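To start, the structure itself, in structure tokens.
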Ligand code: F6R
């Protein structure tokens, strides 16, 4: 795994926005996998600013979000559809019919949503770049500890810790859903490239277990160790429990040097140089 350590959360956001910008430049009709939560908000602000500055365009892109609560109308201000409108969709030139979340319409069988979502992702050619946050319990999407590493988009019951971590976002406990529809672990692993963002000391243990712990369904993010193209972007606080910090820094410096010496013209990052995806 490539672990890149930044001085602060703003630098994580800027770098993540750089990668999304390069993805859009390299493949304007790319498929982006998006996350919600507190962590990517700063990245979405950078992307909206760069769009206003004319530095990038989402006009031909397609998006698939990781997850959506079950039991909230998409117009509910707490739904992830509303979050995405607030943080990104309303500020850039994405075509709304090309923005997807695993939403369950009133009266629809929630068990039918996952297979349809998977087919749509496949029909669009798979996810070129997936953005992830990480839960304090190691979840990615809403794949809570014990989720099958072979799981696909489906209904999941939220862990108590996830519900309590997100209490602050709801006016009353009665309003807060206990279930969601989430991409599965295997769905995430199928993405061609993955960027995992984590900031703050409260994520340090989850990051350590994901990067340096054993691969286990009890810490779903750890399965990313088996993915070919993952970058873990952390600030100093989220990196504070990693044991190989000095090594990750050296790897990054040397990779940047090689990229500078041997870059293919017009392509800034080796991630985008070797074709697949
Ligand atoms: C969000 C998602 C979750 C969050 C995770 C971290 O779509 O799937 O896995 O990424 O809960 O949330 P924050 O960033 O709020 O700490």
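Per-residue ellipticity at 222 nm for the chain, helices alone: DSSP H runs ≥ 4 residues times -39500 (n - 2.57), over residue total, nearest 500 deg cm²/dmol?
-10000 deg cm²/dmol
How fast does the range 87-148 diffuse by Stokes-Einstein, in µm²/s, taking the Kirkwood radius from C-alpha pairs at 25 °C and 0.890 mPa s?
D = 172 µm²/s.
Limiting things to C-alpha atoms, what are the Rg and the maximum Cα-Cα separation (Dmax) for the range 1-64, in angstroms?
11.9, 33
Please build a GNM for the chain, connecting alpha carbons under 10 Å apart, and tell me which residue among 105, 198, 17 fluctuates the most.
The residue with the greatest mean-square fluctuation here is 105.
In nm, what is the difference between 0.36 nm times the number of residues separating residue 252 and residue 172 and their Cα-Cα distance?
My answer for the length gained is 24.3 nm.
By how many nm would the segment from residue 57 to residue 161 grow when fully extended, if each residue of separation counts as 0.36 nm and the alpha-carbon distance is taken off?
That works out to 33.7 nm of additional length.
What Rg and what Dmax come out for the range 129-246 when only alpha-carbon atoms are used, in angstroms?
Reported Rg and Dmax, both Å: 14.1, 46.
Percent of alpha carbon pairs in the chain separated by more than 31 Å?
Here the long-distance tail beyond 31 Å is 22 percent of all Cα pairs in the chain.
How big is D, in µm² s⁻¹, for the range 1-128 by Stokes-Einstein at 20 °C and 1.002 mPa s if Rh is the Kirkwood radius over C-alpha pairs?
So the translational diffusion coefficient is about 138 µm²/s.
Based on alpha-carbon centroids, what's the gap between the range 76-106 and the range 132-183 in Å, whole number please?
Centre-to-centre distance over Cα atoms comes out at 19 Å.
Only bridges whose two residues both fall in the chain count here: according to DSSP, what percent of them are antiparallel, nearest 5?
Antiparallel: roughly 30 percent of the beta bridges in the chain.
Would you look at the GNM of the chain, springs on alpha carbons closer than 10 Å, and say which of 140, 188, 258 moves the most?
Result: 258 has the largest fluctuation of those listed.
Spin-label point model (7 Å from Cα, Cβ direction): what's the residue 136 to residue 90 distance in nm?
In this crude label model, residue 136 to residue 90 measures out at 3.0 nm.
Obtain the nm distance between the two label points defined at residue 148 and residue 244 by a simple spin-label model: each point lies 7 Å from its Cα along the Cα-to-C-beta direction.
3.1 nm
For residue 49 paired with residue 261, estimate the spin-label separation in nm (one decimal), with each label point 7 Å from Cα along the Cα-to-Cβ line.
3.4 nm
Rule-based calculations on the coordinates, nothing more; no lab input. Given the structure is predicted, the values throughout are model-derived calculations rather than measurements. Here Cβ is always computed from backbone atoms with ideal geometry, including for glycine, and neighbour counts include all displayed protein chains.
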